[in-house]
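First comes the structure, then the notes that go with it.
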Amino acid sequence: MTNRRLLFFIAVHKDAPLPVRSDIFVALGLGGYRPTTSLETFSDDTGESISHKNAHYSELTGWYWIWKNVTNLDTVGLCHYRRYFFLHPYDQRFACQKLYLEPNPDNFAMLTATTASQFVEQSLANADAIVPRRQNVGLSLTKQYARFHRREDWDVFITAIRETCPDLQREIGWFDQTSEAHWYNMMIARKPFFDTYMSRLFTLLSWMEREKPFTGERYQARVPAFIAERFFTFYLHATQARVIEVPVAVTEKTA
């Protein structure tokens, strides 16, 4: 990979519609998957990798691969094969939280246009990260996790913050006070910010995995990915990171 200022990695784990071509978007196969596309492609089972843990870590095996193997970028973007950042501030749809776009060539060309890099550069001149618009789940993040996932995993997570992030533990009560989060494990950030966050995140998740192995149940097995969504928003809050919120464009109505 040659030196580039900005690159978006599209996480892909199965055959799906993708952009035809782009100067700033590439496909990153998860769990050893090899994307079939005209985009430049990579796979998370090369180099330093946790690809074999994809059933638990989901898109995070790709984020780990970028963190450990990609060093020649100024700015990194993380999105999914069915979720993209909508980076067009003068479009009336920019006020949306989330919008659906048909996965056709025209929409993909708009979502991945090189001109999006101008908005990114301008935003990151005054912010640490560009993130999905926050969404309100109607319950505190603690109660919402317990309702839809396993409470025991949440309890291990809270202990992990105390053990691995003692500088942030004073803010743990925030989980009981907020019902909003930036979902999807997506961000756009300068590589140093990305690297620092990934170091904190994987230190925490590794502690959790050692303390209590993740369940093998098919859906709930994705504990690290579920936890990472909540930890990301917590990390931004606790470190007082400066963020720019933008809509997420989905190309599947169920996304």
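The values are calculated or read from the model by the stated rules, or taken from the named source; none is laboratory data. Bear in mind that the values here come from a model prediction, so they are computed numbers and not experimental data. With ideal geometry, Cβ positions are generated from the backbone for all residues, glycine too; neighbour counts draw on all protein chains shown.
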Might you let me know whether the stretch 99-121 holds any residue that is charged (D, E, K, R), in the same structural domain as L204 (by TED's automatic domain parsing) and part of a loop (DSSP other than H, G, I, E, B)?
no
Matching residues in the stretch 136-180 - criterion: being over 16 Å from I227 (Cα atoms) and under 20 Å from the mean Cα position of the chain (by Cα)
N136
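Just checking, how many residues over the stretch 145-187 are in a loop (DSSP other than H, G, I, E, B), of a type in the set (A, V, I, L, M, F, W, C) and under 14 Å from L201 (Cα atoms)? Break it down into steps so the answer makes sense when it comes.
Filtering the stretch 145-187 down to residues in a loop (DSSP other than H, G, I, E, B) leaves 149-150, 165-168, 177-179, 182-186.
Then keep just the ones that are of a type in the set (A, V, I, L, M, F, W, C); that gives 165, 168, 183, 186.
With the extra rule that they be under 14 Å from L201 (Cα atoms), the set shrinks to 165, 168, 186.
Number of matching residues: 3.
Out of everything in the stretch 122-144 that is in a loop (DSSP other than H, G, I, E, B) and not charged (D, E, K, R), what residue ends up being nearest to D195 (Cα to Cα)? Walk me through how you get there before you give the answer.
Initial filter on the stretch 122-144 (in a loop (DSSP other than H, G, I, E, B)): 125-128, 133-134, 137-140.
Filter once more, keeping what is not charged (D, E, K, R): 125-127, 137-140.
Details: A125: 18, N126: 19, A127: 16, V137: 29, G138: 32, L139: 31, S140: 29 Å.
That would be A127.
Look through R230, R242 and report the one residue that is touching a residue at least 40 places away in the same chain (Cβ under 8 Å) and within 19 Å of G173 (Cα to Cα).
Values: R242 fails: within 19 Å of G173 (Cα to Cα).
Of the residues listed, the single one that is touching a residue at least 40 places away in the same chain (Cβ under 8 Å) and within 19 Å of G173 (Cα to Cα) is R230.
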Of the residues in the stretch 30-42 that are touching a strand residue (DSSP E or B) at 6+ places or on another chain (Cβ under 8 Å) and outside any strand (DSSP E or B), the one that is nearest to A255 (Cα to Cα) is L30
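Of these, P224, P192, P166, which one is over 25 Å from Q97 (Cβ atoms) and crowded, with 20+ Cβ neighbours inside 10 Å? Lay out the reasoning, then the answer.
On the way: P192 fails: crowded, with 20+ Cβ neighbours inside 10 Å; P166 fails: crowded, with 20+ Cβ neighbours inside 10 Å.
The conditions single out P224.
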When the stretch 43-96 is examined, which residues are found to be surrounded by 22 or more Cβ atoms within 10 Å (Cβ to Cβ), polar (S, T, N, Q) and assigned to a loop (DSSP other than H, G, I, E, B)?
S58
Could you list, in sequence order, the residues of the stretch 19-34 that are more than 25 Å from R190 (Cα to Cα), touching a residue at least 24 places away in the same chain (Cβ under 8 Å) and surrounded by 18 or more Cβ atoms within 10 Å (Cβ to Cβ)?
G31
Could you tell me whether the stretch 211-230 includes any residue that is touching a strand residue (DSSP E or B) at 6+ places or on another chain (Cβ under 9 Å) and either modelled with pLDDT of 95 or more or under 29 Å from P247 (Cβ atoms) (or both)?
yes
Those residues of the stretch 224-255 that are under 25 Å from A16 (Cβ atoms) and in contact with a Ser or Thr (Cβ under 7 Å, 6 or more places away or on another chain) come to a total of 1
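Matching residues to (1) of a type outside the set (K, R); (2) within 22 Å of C79 (Cα to Cα):
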| site | (1), (2) |
| --- | --- |
| S199 | yes, yes |
| T203 | yes, no |
| R210 | no, no |
| F234 | yes, yes |
| T239 | yes, no |
| A249 | yes, yes |
| K253 | no, yes |
Name the pairs whose Cβ atoms lie under 8 Å apart, with the first residue in the stretch 137-148 and on the phi > 0 side of the Ramachandran plot, the second of a type in the set (A, V, I, L, M, F, W, C) and at pLDDT below 95, and 6 or more positions between them or separate chains?
none
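Check A27, A11 and return the single one that is touching a Cys at 6+ places or on another chain (Cβ under 9 Å), in a strand (DSSP E or B) and within 16 Å of V76 (Cβ to Cβ).
Numbers: A27 fails: touching a Cys at 6+ places or on another chain (Cβ under 9 Å).
Selected residue: A11, the only one of A27, A11 that is touching a Cys at 6+ places or on another chain (Cβ under 9 Å), in a strand (DSSP E or B) and within 16 Å of V76 (Cβ to Cβ).
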